[in-house]
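This report concerns only the one structure given below.
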Amino acid sequence: MRTTICELFNIEYPVIQGGMVWLGTWELVSAVSEGGGLGIIGSGNAPPGWVREQIRLTRERTDKPFGVNIMLMSPFVEQVIQVVLEEGVPIVTTGGGNPGIHIPRLKEAGVKVMPVVSSVALAKRLERAGADAVIAEGMESGGHIGETTTMALVPQVVDGVNVPVVAAGGIGDGRGLAAALCLGAHGVQMGTRFICAEECIAHINFKKKILEARDRATVATGYTTGHPVRCLENRMARQFAAMEARGATVAELEKFGEGKLQLGVIKGDIENGSLMAGQVAGLVKDIKPAAAIIREIVEEAERVIARLSTSYLGVANG
Ligand code: TUI
């Protein structure tokens, strides 16, 4: 299954691992890239030294392409870009804001830039600014989210830009990959599915909570702060929602949220920590190596597409 995204990034399969905060580390990134996908280091709010270390550790384990996600709400954006340039990272994705002012500097150094967008307007603006591709991310996804669903957003972004589009949000298996291609995307980005990769350093309690999740397991909180976040429902999410309901200030909410993501996803406190995950948590049923996840998804997508091309009249649920 080769698409323009494979050509653009020199990868085997059009499957990208979302640059997850705390979890997009060399262990997962090198496993995804070795498996023929595109691994992405999640720099989040991490200091530039940490990002440099992750880049070097990834390079020790794979000579395949990988990228760094720059989280635009981080206080270290400028320094992380500097590290990316110094280390010669070939691909950058961005999230949580408009990366327009940073694109020229990255492009001049030959870095391929693929921002995450949650609207057509931003996709168009970033195409004009020089983006090589865009990731259209629906509100089914985990973490920081926009307002539009993947099903509605992806085809509108596809119609709005000429660069290749990658679909994200609500994609966790081969049916999702096939559907994304039907919507005009040339690849998918997945986060939640890769949390349950063997190589992902997420705490086993968090992985188990994803395996046990059902369709309505996630909630979106933080709308009053202007930065809504989707996570698995737990005590932390309920407390956060209760604080919002009684009119807590952004400063109070930020203080309450401090350290909670690490507490949940790394330390494994699945009640008091924040467990950012997407709505496909209910679709994830096993923990396996990243390479096997990629293979399974691509093979399933190929089967689904082959079946569709011969008949629309499949057996229900089969
Ligand atoms: O960035 C993400 N997901 C994230 S970032 C993150 S770290 C965090 N921690 C606590 C609170 C908030 C964030 C956790 N998950 N996904 C990519 C994404 N980017 N989704 C939506 C956007 C986005 C939002 C606004 C992209 C651009 C944008 O632009 C606004 C503008 O200026 O037009």
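Per-structure values
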item	result
Relative contact order %, the chain, counting alpha carbon pairs below 8 Å whose residues are six or more apart	17
Of every Cα-Cα pair in segment 129-197, the percent that sits beyond 20 Å	23
Dipole magnitude (debye, nearest 20) for segment 183-318, charges at Cβ of Lys, Arg, Asp, Glu	220
Coordinate range along principal axes, alpha carbons of segment 99-231, Å, largest first	44, 35, 30
For segment 278-294, 3J(HN,Hα) per residue [Karplus equation, 6.51 cos²θ - 1.76 cosθ + 1.60, θ = phi - 60°, Hz, x = Gly/Pro]	x, 5, 6, 3, x, 9, 8, 10, 8, 9, 8, x, 4, 4, 5, 4, 5
The chain: antiparallel DSSP beta bridges as a percent of all, rounded to 5	20
Percent of Cα pairs exceeding the 19 Å cut-off, where the set is segment 1-103	36
FRET efficiency, 1/(1 + (r/R0)^6) with R0 25 Å, evaluated for ARG235 and ILE204 via beta carbons	0.85
With every protein chain in place, the chain: carbon and sulfur % of accessible area (1.4 Å)	52
Rounded, prolate or oblate (a/c below 1.5 giving rounded, otherwise prolate when a/b exceeds b/c) for segment 146-295 by Cα gyration tensor	oblate
Net charge of Cβ neighbours under 10 Å - reference GLU27; Lys, Arg +1; Asp, Glu -1	-1
Note, ³J(HN,Hα) from phi for segment 146-156, Karplus 6.51, -1.76, 1.60, rounded to Hz, x at Gly and Pro	x, 10, 10, 6, 4, 4, 8, 6, 4, x, 6
Residue-wise HN-Hα coupling along segment 101-112, computed from phi with Karplus coefficients 6.51, -1.76, 1.60 (Hz; x: Gly, Pro)	5, 8, 4, x, 4, 5, 5, 4, 8, x, 7, 7
Cα-based shape type of the chain, given that a ≥ b ≥ c are square roots of the gyration tensor eigenvalues and the cut on a/c is 1.5	rounded
Cβ crowding within 10 Å averaged over residues, with 291-298, 13-20, 81-88 ranked highest first	13-20, 291-298, 81-88
P(r) weight above 21 Å for segment 216-300, C-alpha pairs, percent	38
Helical contribution to [θ] at 222 nm, DSSP H n ≥ 4, -39,500 (n - 2.57), averaged over the chain, rounded to 500	-12500 deg cm²/dmol
Rg(Cα)/(2.2 N^0.38 Å) for segment 40-93, N = residue count	1.00
Three-way shape label, segment 109-162, alpha-carbon gyration tensor, a/c 1.5	oblate
Dipole magnitude of the chain, debye to nearest 20 (Cβ charges: Lys/Arg +1, Asp/Glu -1, about Cα centre)	340
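The values are calculated or read from the model by the stated rules, or taken from the named source; none is laboratory data. Keep in mind that this is a model prediction, so the values were computed, not measured. All Cβ positions, glycine included, derive from the backbone under ideal geometry; neighbour counts span all protein chains shown. These accessible areas exclude ligands, DNA and RNA; they are computed on the full protein's heavy atoms, side chains included. Shrake-Rupley method; radii C 1.70, N 1.55, O 1.52, S 1.80 Å.
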